[in-house]
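The values are calculated or read from the model by the stated rules, or taken from the named source; none is laboratory data. All values derive from a computational prediction rather than experimental measurement. Counting neighbours? That spans all protein chains shown, and the Cβs are built from the backbone with ideal geometry, glycine included. The area values use the complete protein model at the heavy-atom level, side chains included, leaving out ligands, DNA and RNA. Shrake-Rupley method; radii C 1.70, N 1.55, O 1.52, S 1.80 Å.
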Amino acid sequence: MVRILDSADVSPEAVIGEGSSVWHLAQVREKAVLGVNCIVGRGAYVGTGVQMGDNCKLQNYALVYEPAVLEDGVFVGPAAVFTNDYYPRAIDPEGKLKRGDDWEPVGVTCRQGASVGARAVCVAPVTLGRWSMVAAGAVVVKDVPDFALVAGVPARRIRWVGRAGVPLEPGDAEGLWVCPQTGDKYQEQDENTLVEVSQ
């Protein structure tokens, strides 16, 4: 069953997966695709043609502008923003109002399990790696590696995190990191690359 609250504005051209919920005052534009068991919180915006995988959560007032792509299990915190324009202007050099075909939209891509904190801004085009985490209030202007925790303005990697989202702790070998919650192990290959170790 799909749950769409009466005050939500969902285009009939949008595709909403089974088990998904769209809450009060949210807007889902035409040709947007939401997978199964997604949540679109109060006042959130899902732009035209945005693609969301299964089990994604957009918290209240998150703004996800097209052509963003969210893979399975992506979390977008309250009031986070995904931009979509290299050089935003309301008017052209002659002072005429710009129209939809006067610019080339660029998107934010979130790989599986990525999380974006409250009021973070992701400036397109950027890719957030698998299971990465963007701290609240960060401004992301370059790609985020898999399993990286980034924070600040502009965002920089400050830690590694595992699938559970908990910061990893050093293991008993060089470059080895361990999740204190799950015990899963990860190997650092260089300052921007962390891979899971087969158990």
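Quick check on this structure: which one of Asp190, Asp146 is touching a Phe, Trp or Tyr at 6+ places or on another chain (Cβ under 7 Å) and open to solvent by 50 Å² or more (accessible area, probe 1.4 Å)?
On the way: Asp190 fails: touching a Phe, Trp or Tyr at 6+ places or on another chain (Cβ under 7 Å).
Asp146 is the lone residue from the list that is touching a Phe, Trp or Tyr at 6+ places or on another chain (Cβ under 7 Å) and open to solvent by 50 Å² or more (accessible area, probe 1.4 Å).
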Restricting to the range 105-132, name every residue that is on the phi > 0 side of the Ramachandran plot, open to solvent by 40 Å² or more (accessible area, probe 1.4 Å) and under 11 Å from the mean Cα position of the chain (by Cα).
Trp131
Selection count where residues are surrounded by fewer than 24 Cβ atoms within 10 Å (Cβ to Cβ) and of a type outside the set (Ser, Thr, Tyr), scope the range 34-63
17
Members of the range 64-104 found to be open to solvent by 50 Å² or more (accessible area, probe 1.4 Å) and aliphatic (A, V, I, L, M), listed by number
Val69, Ala90, Ile91, Leu97
Got at least one residue in the range 31-46 being hydroxyl-bearing (Ser, Thr, Tyr), touching a Phe, Trp or Tyr at 6+ places or on another chain (Cβ under 6 Å) and either free of Cβ contacts under 8 Å to residues at least 40 places away in the same chain or closer than 23 Å to Ser7 by Cβ (or both)?
no
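Yes or no: the range 20-33 includes at least one residue that is open to solvent by 50 Å² or more (accessible area, probe 1.4 Å), at pLDDT below 95 and more than 28 Å from Lys142 (Cα to Cα).
Scanning the range 20-33, I find no residue that is open to solvent by 50 Å² or more (accessible area, probe 1.4 Å), at pLDDT below 95 and more than 28 Å from Lys142 (Cα to Cα), so the answer is no.
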